[in-house]
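Encoded as structure tokens, the structure appears first; notes follow it.
The values are calculated or read from the model by the stated rules, or taken from the named source; none is laboratory data. Computed from a prediction, not measured in an experiment: that's the story for all the values here. Positions of Cβ are backbone-derived with ideal geometry, glycine not excepted, and every protein chain shown enters the neighbour counts.
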Amino acid sequence: MAIPSYQKFMLPLLEKVGDGKEHKSADVTEQLSDYFRLTEEDKAITLKSGRSKLYRNRIGWAKTHLTKAGLLETVSHGTFKITEEGKKVLSKKPKEITNQFLMQYPAFAEWTKPAKSSEKAKAPDAVPAEEHETPEDTLDRVHADLMDKFEEDLLDRVKACSPPFFEQLVVDLLVKMGYGGSREEAGKVLGGPGDGGIDGVINEDRLGLDIICVQAKRWENPVPPATLHAFAGSLDAVGAKKGVIITTSSFTRKAVEFAEKIEKRIILIDGSRLPKLMVEFDVGVSPVAHYDVYRIDNDFFEEV
């Protein structure tokens, strides 16, 4: 049979987790493939990139849409459950759940608004070109939509990691960015609480001409200015004038202002910038598709 659209997966997916218990995404995905009687041939179909299975991709988007509407909630990476609002929907025994049905929820309606430069891009399924767009504009917008979701998922995955793993991730990122010399050398400086909040000291370059203090915080709450005060004060103890604080959360406005005003150079990398850097330097990610866009070479067609 043809693999159902992601909207067709929505109601069965919600029903599968209607017991209120925590469910693993992989388990629910296989239950849904059985529900729709997908054959091995069906499940072997991939996206055009050839890397991801089509049915898994569509089930993933169904889960994303239900989550954005507040009918599902993520418990941890790969685990989710139904919300009280989701239970209310099931109690009304709807015949189907579609995007139009989900528009009654303000959070979902906001998520699907047309993309603007300062707003969240609309849902990836809504990709028809707007009247004012060129094909290149549409490609750029759709790519931005996909990257927004990918970076959100990537950050969720990082947050689900253990503190030691997060510290090693920070090492890998800094080495890929050109600091610390090698992974082995950089890895020696992190691991365990340090004096005044310094998790480690890493070379700025391979020759070790200068050093940078590092602090890795896998937090949910914003990092306050007091944390930066302590970190800045500790730089003198190791003879450093530069530091980097990487967090999975954010920094308060006063913390950012403090970092901008002090003489020491402290770079702040928050949860919105971290996944972007991981993508830029290929840390924990790998590309699955590449599309070439061509233009006519007018010089070639110039006749002498």
Candidate set from region 79-96 (those that are more than 24 Å from the chain's Cα centre (by Cα) and assigned to a loop (DSSP other than H, G, I, E, B)); member that is farthest from Gln7 (Cα to Cα)
Lys92
Considering region 27-41 alone, what residues qualify as being under 28 Å from Lys93 (Cβ atoms) and touching a residue at least 12 places away in the same chain (Cβ under 8 Å)?
Val28, Thr29, Gln31, Leu32, Ser33, Tyr35, Phe36, Arg37, Leu38
In region 11-26, residue farthest from Glu73 (Cα to Cα) [restricted to those that are assigned to a helix (DSSP H, G or I) and modelled with pLDDT under 95]
Ala26
Do any helices (runs of 4 or more DSSP H) lying entirely in region 211-292 carry at least 1 residues that are under 25 Å from the mean Cα position of the chain (by Cα) and of a type in the set (Lys, Arg), and which ones are they?
253-261, 274-280
For region 137-156, state whether one or more residues are outside the structural domain of Ile212 (by TED's automatic domain parsing), at pLDDT below 65 and more than 17 Å from the chain's Cα centre (by Cα).
yes
Would you confirm, using the coordinates I've provided, whether Tyr6 is at negative phi, among the hydroxyl-bearing types (Ser, Thr, Tyr) and in contact (Cβ under 8 Å) with a residue 60 or more places away in the chain?
yes
Could you please find all residues in region 164-174 being at pLDDT below 85 and in contact with a strand residue (DSSP E or B) (Cβ under 9 Å, 6 or more places away or on another chain)?
Glu167, Val171
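Results for (1) under 14 Å from Gly243 (Cα atoms); (2) modelled with pLDDT under 90; (3) outside the structural domain of Ser250 (by TED's automatic domain parsing); (4) of a type outside the set (A, V, I, L, M, F, W, C), shown as yes or no for each residue.
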{"position": "Glu184", "(1), (2), (3), (4)": "no, yes, no, yes"}
{"position": "Gly191", "(1), (2), (3), (4)": "no, yes, no, yes"}
{"position": "Lys217", "(1), (2), (3), (4)": "yes, no, no, yes"}
{"position": "Pro222", "(1), (2), (3), (4)": "no, no, no, yes"}
If Gln7 satisfies every condition in (1) surrounded by 18 or more Cβ atoms within 10 Å (Cβ to Cβ); (2) farther than 21 Å from Lys149 by Cβ but one, which is the exception?
(2)
